[in-house]
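The values are calculated or read from the model by the stated rules, or taken from the named source; none is laboratory data. What you are looking at is a predicted structure, and each value in this text was computed from that prediction instead of being measured. Neighbour counts are summed over all protein chains in view; Cβ atoms, including those assigned to glycine, are modelled from backbone coordinates with ideal geometry.
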């Protein structure tokens, strides 16, 4: 098997979360750490640490995603990945093929688990996040919750820091999670950056902070720099 080289860790973290969700859905629940290990092994890495080091150091050129390959090569790649997962998790070949078919470890997207809800982060998510075993697992969970929160608040609130010239926010894109840290009083802070697009093609880089507590959620935008 040829080792697959990722460009950064954003995609593999999301894929590990998808593998965990699909495994639970079909009755083969696994921890996020086990799913990281499985996601790393499928495309040829010995473990998650090796995948992460390879992705962050960029010592090898990024591999082509399934989306850019002929279907025959994609099916060969997925068959190899399923065989690895079959051996690693000691599950049936059919179950391994089902998981790989839904998660697609080396493709841009995965299938959503039936009943999946894309929704903004909310107060009830705090105990779920605090019970997670690693920051990587928190990150993967927040990747599905932070963008809808920022997009909804930016549209509705009309925050003057986000829309300093009253142009009207058209879209909020390139949302990145930069840090996750625990706060006093049982809270959690999530911060990062985003690009705000206005009507007329103007854009602005903003920094956001989300403070999540057992009884409230506070969102603020800081360091806005408007540019044309």
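Please determine, by comparing only the residues of the range 18-36 that are more than 15 Å from residue 100 (Cβ to Cβ) and surrounded by fewer than 24 Cβ atoms within 10 Å (Cβ to Cβ), which one is farthest from the chain's Cα centre (by Cα).
27
Checking the conditions here, which among 185, 211 is outside any strand (DSSP E or B), closer than 27 Å to residue 127 by Cα and modelled with pLDDT of 85 or more?
Residue meeting the stated conditions: 185.
What's the number of the condition residue 128 fails, among (1) assigned by TED's automatic domain parsing to the domain that holds residue 180; (2) in contact (Cβ under 8 Å) with a residue 40 or more places away in the chain; (3) assigned to a helix (DSSP H, G or I)?
Here residue 128 meets the rest and fails (2).
List every residue pair whose Cβ atoms sit under 6 Å apart, with the two residues 6 or more apart in sequence or on different chains, where the first one lies in the range 103-117 and is loosely packed, with under 13 Cβ neighbours inside 10 Å and the second, anywhere, is in a loop (DSSP other than H, G, I, E, B).
108/65
Please give the number of the condition residue 119 fails out of (1) part of a loop (DSSP other than H, G, I, E, B); (2) over 30 Å from residue 150 (Cβ atoms).
For residue 119, the exception is condition (2).
Looking at (1) surrounded by 16 or more Cβ atoms within 10 Å (Cβ to Cβ); (2) in a loop (DSSP other than H, G, I, E, B); (3) at pLDDT below 95, can you tell me which one residue 133 breaks?
Unmet condition: (1).
If a residue must be part of a helix (DSSP H, G or I) and under 14 Å from the mean Cα position of the chain (by Cα), how many such residues does the range 94-109 contain?
Number of matching residues: 1.
For every residue, the table says whether it meets (1) under 23 Å from the mean Cα position of the chain (by Cα); (2) more than 23 Å from residue 63 (Cα to Cα); (3) modelled with pLDDT under 90.
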site: 81; (1), (2), (3): yes, no, no
site: 85; (1), (2), (3): yes, no, no
site: 92; (1), (2), (3): no, yes, no
site: 111; (1), (2), (3): yes, no, no
site: 121; (1), (2), (3): yes, yes, no
site: 168; (1), (2), (3): no, yes, yes
